[in-house]
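Scroll down for the structure; my scribbles are underneath it.
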Amino acid sequence: MNYALPVWVLDLVIVFFLLEWVCLYFYFKRHPTGLNLGDLSFALAPGFFLVLGFRFTAIDSISVISLACLFLAGVVHAFDLYGRHKKAKSKESLDASEGSK
């Protein structure tokens, strides 16, 4: 059995990735505990270039298993960014409460 999808699916992943970057940038820009542009870009760059490199090597199709692995990597990355954001937010609230004593 050959489970493959057309390469344009990777193009959708790249577009989604860029939309994610823009949305996170504007979200973090509104919140003082968020990442700055440089930190956000460096956090997203490895995944973006991984997907971009995968796109340039795919000729006609991409296997569903490869796409599932890319999806799982993105989900784990999202949880990592969320965890870092929550950790920075809780650290800032701890620092603020210690400063008020």
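Here are a few things to note about the model shown:
- Positions within region 62-93 being of a type in the set (G, A, S), within 22 Å of W8 (Cβ to Cβ) and either free of Cβ contacts under 8 Å to residues at least 12 places away in the same chain or surrounded by 14 or more Cβ atoms within 10 Å (Cβ to Cβ) (or both), in sequence order: S66, A68, A73, G74
- Taking the listed residues Y82, Y25, the one that is in a helix (DSSP H, G or I), modelled with pLDDT of 85 or more and hydroxyl-bearing (S, T, Y) is Y25, with no other qualifying.
- Per-region count, region 27-63, residues closer than 20 Å to K91 by Cβ and either in contact with a Leu (Cβ under 7 Å, 6 or more places away or on another chain) or among the hydroxyl-bearing types (S, T, Y) (or both): 5
- In the condition set (1) open to solvent by 50 Å² or more (accessible area, probe 1.4 Å); (2) hydrophobic (A, V, I, L, M, F, W, C); (3) part of a helix (DSSP H, G or I); (4) touching a strand residue (DSSP E or B) at 6+ places or on another chain (Cβ under 9 Å), L19 is compliant with all but (4).
- Here the condition is being closer than 16 Å to Y82 by Cα and surrounded by 14 or more Cβ atoms within 10 Å (Cβ to Cβ); of F28, F42, F54, F48, it holds for F28 alone.
The values are calculated or read from the model by the stated rules, or taken from the named source; none is laboratory data. Given the structure is predicted, the values throughout are model-derived calculations rather than measurements. So basically every Cβ, Gly included, is an ideal-geometry build from the backbone, and we count neighbours across all protein chains shown. Surface areas here come from the heavy atoms of the whole protein model, side chains and all, with no ligands, DNA or RNA. Shrake-Rupley method; radii C 1.70, N 1.55, O 1.52, S 1.80 Å.
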